[in-house]
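See structure below.
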Amino acid sequence: MTRRPLAWIDEELQTLDQLELRRRLRTHAGPQTAEIAIDGQSLINFGGNDYLGLAADPRIAAAATAAIQTEGWGSGASPLVTGHGQSHAALEAAVAQLEGAEAALLFSSGFAANVGAITALASKGDVIFSDAKNHASIIDGVRLSGARPQIYQHLDIDHLEKLIAQAAPFRRRLIVTDSLFSMDGDFAPLVELTELAAQYDAMLLVDEAHATGVFGEQGRGVCEQLGVEDQVDVRVGTFSKALGGHGGFVVGSQSLIDWLLNRARSYIFSTAAPMASAAAMVTALQIVRDEPQRRQLLLERATKLRNDLRSQGWQVGGESQIIPIRLGEPEPTMQASLRLREQGLFVPGIRPPSVPSGESLLRISLSFAHTVEHLEQLVSALDQLRDQRRI
Ligand SMILES: *Cc1c(COP(=O)(O)O)cnc(C)c1O
């Protein structure tokens, strides 16, 4: 008999197919903008996270190109060996300045930032309190840390307080949350979380991945918007969403950053990003600082779109540029996504395991790059779908 030790994978994939849960890769051609060519079809793009329309900004591309000329492409090593270049240092300074923090540390992704920070802050003998809808990278960081996980119900401060009140025997306590949740588009109760953290002597880590560049007067995120930055010990962000690039970061006190530099394994044992990638993000941060109208207009349009959809009877969630339409089961959700695609609109269907079972949704992701006409087309395509009873 031939040895087929991976045969089980084909069976599992078939099961995924039957459940409408199998994912497939799409390939887009050209730059990431409001209109995108996917598998040869031109579509209005409501699936990206390029909230400020910076992914294809020529100023950022020029900064990257110039850096390649002076610093080359590859970084050659992990940061603590010889990988930390001048552009990395400049970006850390720029991030710390924009964020109003003492210091910043770059990671190769937001995922790596969460895993590295959480595992460096808590271990066996500690306890981590994590919102049930936190991002996968937080969940994995919690699991890897060896600390006791305590999952509180989404946004449920009372539940968290019950759990934390029983946590005195643990050595250290860490509360971890997204600030803006990536699928529901809703906000963590950060004011209450900072109060609980103070009352129970817990560390507080807030992941601003979807909020950096979008919320707050200076575009620092929801912590700034709610005026709690000084009470949040660890802030995580990413360059990969509103900043249109790639890579993650942590900001906080100098001693926090020094500790992560010594203990965050996803930082220590991973090659630094290309210098040009860092140089590009210095320019992106300048744009965030100099062009606040991008975030203002984005949020105004998001409010209008939510209101338009609600007045047409859609069950629309969120309070941000992430606008979910909850449809429940994977099958109708993926069908709706397909029908919209036939109309020239890319609106991804989100299903388990990205969301809990029964909570599949269409996730509309708005960008400053969308035109008013793009939004009108979306509203009318959704309306048509419903009239045809296809949702
Ligand atoms: C996208 C995301 C991350 C990961 O960031 P990447 O830079 O894409 O790795 C982390 N946390 C949250 C909440 C996210 O949405």
Simple spin-label estimate for residue 296/residue 39, 7 Å along Cα→Cβ, in nm, reads 4.2
Nearest 5 is fine: what % of DSSP beta bridges in the range 75-273 come out antiparallel, could you say?
35
Cβ neighbours within 10 Å, averaged per peptide: list 117-125, 16-24 in order, most packed at the top.
117-125, 16-24
Computed on Cα atoms, Rg of the range 75-273 relative to 2.2 N^0.38 Å comes out at 0.96
Sorting check: for 38-49, 159-170, which peptide has the highest mean count of neighbouring beta carbons within 10 Å, and how do the rest follow?
38-49, 159-170
Under Stokes-Einstein, the chain at 25 °C and 0.890 mPa s, with its Kirkwood radius over C-alpha pairs, diffuses with a coefficient in µm²/s of 111
Going by average Cβ density within 10 Å per residue, which order do the peptides 350-356, 141-147 take, highest to lowest?
141-147, 350-356
Label-point separation, residue 16 to residue 59 (7 Å along Cα→Cβ), nm
4.1
Quick one: length gained pulling residue 192 to residue 304 fully straight, 0.36 nm per residue minus the C-alpha distance?
37.5 nm
Cα centroid separation, the range 159-189 to the range 271-302 (Å)
29
Which of the lysines could a cross-linker bridge to residue 162, judged by Cα under 30 Å and excluding same-chain residues fewer than eight apart?
124, 133
Excluding residue 280 itself, calculate the net charge of residues whose Cβ lies under 13 Å from the Cβ of residue 280, where each Lys or Arg counts +1 and each Asp or Glu counts -1.
-1
Sulfur and carbon atoms: percent of accessible area, the chain [1.4 Å]
51
What whole-number value in Å² describes the accessible area per residue of the range 75-273 for a 1.4 Å probe?
40
Compute the length gained on full extension between residue 354 and residue 24: take 0.36 nm times their separation in residues and subtract their Cα-Cα distance, giving the result in nm to one decimal.
117.4 nm
Neighbourhood charge, 14 Å Cβ-Cβ cut-off, centred on residue 139 and excluding it, Lys, Arg +1 and Asp, Glu -1
-2
Sparse-neighbour loop sites [GluC sites (Glu not before Pro); the range 89-129; at most 16 other C-beta within 10 Å; DSSP]:
102
Semi-axes (Å, rounded, descending) of the ellipsoid equivalent to the range 1-151 per its C-alpha gyration tensor are 33, 29, 19
Based solely on its DSSP helices, what 222 nm [θ] is calculated for the chain when runs of n ≥ 4 H residues each add -39,500 (n - 2.57) and the sum is averaged over all residues, nearest 500 deg cm²/dmol?
-13000 deg cm²/dmol
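The values are calculated or read from the model by the stated rules, or taken from the named source; none is laboratory data. Source: prediction; values computed, not measured. In this analysis, Cβ positions are derived from the backbone assuming ideal geometry, glycine residues included, and neighbour counts consider all displayed protein chains. Just so you know, the surface numbers come from the protein's heavy atoms only, side chains and all, with ligands and any DNA or RNA stripped out. Shrake-Rupley method; radii C 1.70, N 1.55, O 1.52, S 1.80 Å.
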